[in-house]
Amino acid sequence: MGLAPVTSWLACPTCGLALSLDERTLGCRTGHRFDLARQGHVNLLGRAAPANADTTEMVAARARFLGAGHYQPIVDALVARTRSARRIVEVGAGTGHYLARVLDAHPAATGLATDVSPMAARRAAKAHDRMGSVVADTWAGLPLRSGVADALLCVFAPRNPVEFARVTGPGGLLLVVTPNAGHLAQARERLGLLGIEGDKLARLNRSMAGAFEAIWSQRIRWTMDLDAGSLQDLVQMGPNAFHEHGEVVDGLEVDADVQLSIFRRAARQ
Ligand SMILES: C[S@@+](CC[C@H](N)C(=O)[O-])C[C@H]1O[C@@H](n2cnc3c(N)ncnc32)[C@H](O)[C@@H]1O
Ligand SMILES: [Zn+2]
């Protein structure tokens with residue numbers, strides 16, 4: 001579908017005014033213009049992508065790993081908790097896997113994926129026909145109008161509480177998935193991967209306090225039977241792709257241990 005159905009959610013990254021779509025260019029009344037890429041996404045970074053943005057190979061590895069269903073319990077939990085949402089935004093969405101599966105489950109919903117990696121945004125642009133894709137830096141501020149999201153998803157991705165509160169409408173939900181300390185423990189041990197620092201839940205809750213009310217927290221644990229190919233993809237899809245790590249020679253049973261934390265935007269500020 002491209003960006004047309006979600007254009008009204010977007011804000012000009014330069015001046016903050018609304019954007020409208022004219023053929024294949026987004027523009028604001030001030031005169032700032034952003035051309036759509038051939039794949040249908042748009043770069044609203046307003047600058048070059050950071051040098052450490054996910055590469056084509058990392059994005060492909062992530063797509064294969066997620067496509068194999070290894071993280072399906074995360075999808076199921078997100079689907080179950082977004083039933084009433086019609087406008088769903090996923091930040092740091094990578095390939096757009098979670099948002100696409102959530103949209104599959106909710107036929108009346110429309111989605112927008114953002115990511116700082118142009119390669120990821122390119123992939124997300126093709127992930128679902130009710131989903132648009134934008135290159136944007138969560139930390140720099142989201143190029144979205146205030147209150148446009150009924151639900152905002154953030155799965156293993158950077159958070160910006162002030163921006164999350166701004167773009168989530170009153171009563172809207174913020175769903176955050178973070179790794180617990182034991183996440184992928186066997187893979188880390190066997191391959192000497194970078195430590196996945198278990199996100200401290202207390203820190204997450206503190207950072208969201210004020211604008212959001214914590215309403216639900218769920219620990220999700222399962223065991224993945226990873227063959228050598230999937231294990232290789234697990235290594236290649238994250239920051240380990242840039243670092244020394246042990247060689248993948250055969251498969252491994254690996255525990256997944258993540259936390260889904262759900263916050264509701266205060267009805268009034
Ligand atoms: C660990 S991956 C998770 C991707 C996706 N949510 C998933 O679980 O498949 C982290 C993602 O955050 C993106 N990212 C990193 N820094 C970002 C930033 N400042 N703003 C937006 N996205 C960012 C990366 O490009 C990457 O796609
Ligand atoms: Zn503008």
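The values are calculated or read from the model by the stated rules, or taken from the named source; none is laboratory data. Values in this document were obtained by computation on a predicted structure and should not be read as measured data. Every residue, glycine among them, receives a Cβ derived from its backbone with ideal geometry; neighbour counts consider all protein chains shown.
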**Message:** Among the residues of segment 111-119, are any at pLDDT 95 or above, under 17 Å from S261 (Cβ atoms), aliphatic (A, V, I, L, M) and out of contact with any Cys (no Cβ under 6 Å at 6 or more places or on another chain)?
**Reply:** no
**Asked** Out of all the residues in segment 15-46, which are on the phi > 0 side of the Ramachandran plot and more than 16 Å from ligand 1 (Cβ to nearest atom)?
**Response** G16, E23, G31, G40
**Request:** Give just the number: which of (1) touching a strand residue (DSSP E or B) at 6+ places or on another chain (Cβ under 7 Å); (2) farther than 24 Å from P161 by Cα; (3) crowded, with 20+ Cβ neighbours inside 10 Å does P73 not satisfy?
**Result:** (3)
**Prompt:** From A127, A68, A53, which residue is at pLDDT 95 or above, small (G, A, S) and buried (at least 19 other Cβ atoms within 10 Å of the Cβ)?
**Reply:** A127
**Prompt:** Among the listed residues D225, D250, D233, which satisfies the condition of being farther than 21 Å from A157 by Cα and modelled with pLDDT of 90 or more?
**Reply:** D225
**Request:** Answer yes if at least one residue in segment 134-148 is in a strand (DSSP E or B) and more than 9 Å from ligand 1 (Cβ to nearest atom), and no otherwise.
**Result:** yes
**Selected residue (criterion: nearest to W139 (Cα to Cα)) from residues of segment 17-39 that are away from ligand 2 (no atom under 16 Å from the Cβ) and surrounded by fewer than 13 Cβ atoms within 10 Å (Cβ to Cβ)** = R38
**Prompt:** In segment 95-105, is there at least one residue being small (G, A, S) and either closer than 16 Å to V176 by Cβ or within 16 Å of ligand 2 (Cβ to nearest atom) (or both)?
**Reply:** no
**Asked** With respect to V42, is the statement that it is within 16 Å of ligand 2 (Cβ to nearest atom) and farther than 30 Å from A228 by Cα true?
**Response** yes
**Elements of type strands (runs of 3 or more DSSP E) in segment 20-131, at least 3 residues being over 18 Å from the mean Cα position of the chain (by Cα)** = 20-22, 25-27, 33-35
**Fill in**
Counted residues in segment 76-105 being touching a Lys or Arg at 6+ places or on another chain (Cβ under 8 Å), crowded, with 21+ Cβ neighbours inside 10 Å and either over 15 Å from S133 (Cα atoms) or modelled with pLDDT under 95 (or both) come to 1
